[in-house]
Amino acid sequence: MKNQKTRTRLLFVCHAGLIAALYTVLTYAIGAIGLASGAIQFRISEALCVLAAFTPAAIPGLTIGCFLSNLLTNCIWQDVVFGTLATFLGALLGWMLRRRAYLIPLPTVVANTLIVPFVLACGYRMQEGLWFLMLTVGAGEILSAYVAGLALYFALRPHSHRLFSRK
């Protein structure tokens, strides 16, 4: 019994670590072409938020991945803290909605659309206006978290038992 608990914990940590690494690498790569942050952003790594539907390990994995991504891309402290909070909320609430496939990405879109524009306007002093920033960040989140996220979800769903099994 103890051996099974140890194995389950190890798999949880491995899944979380792999998800964090994947989120960080994807964000860093898209940041190389200037789309990871700013008024217009398409953080393809946000598609990974649907992984919370398959494993609760995605919640710390995505949170740590976002935190590391924001640190590595030299974001201001407000972005590190509140951007990470938005990803955490999206992953946690996505996990809670895991039985409703088409709703899984919704918390990620909403959290980022509501939180990130305030960081951009107040922290980075962007002059575009809060409503414009909400529109552009929201559009990027719809494309990355909803469109790409659901494509990822439906691609992984038939294989999820093998990929995220705790046995």
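Here, each number is a calculation from the coordinates, and none is a lab measurement. What you see is a predicted model; the values in this text were computed from it and never measured. Every residue, glycine as well, gets a Cβ built from its backbone with ideal geometry; the counts of neighbours run over all protein chains shown.
Points to keep in mind about this one:
- Spherically averaged projected area in nm², based on the convex hull that wraps the Cα atoms of the stretch 22-164: 7.4 nm²
- Kirkwood hydrodynamic radius of the stretch 1-77, Cα pairs, Å: 13.1 Å
- The stretch 1-47 and the stretch 98-167: distance between their alpha carbon centers, rounded to Å: 14 Å
- Burial order of peptide ranges 127-138, 97-108 (average beta-carbon count within 10 Å, highest first): 97-108, 127-138
- Helical runs assigned H by DSSP (4 residues or longer) give the chain a calculated mean residue ellipticity at 222 nm of -18500 deg cm²/dmol, each run adding -39500 (n - 2.57) before division by the residue total.
- Relative exposure of 118, 154, judged by other C-beta atoms within 10 Å (fewest first): 154, 118
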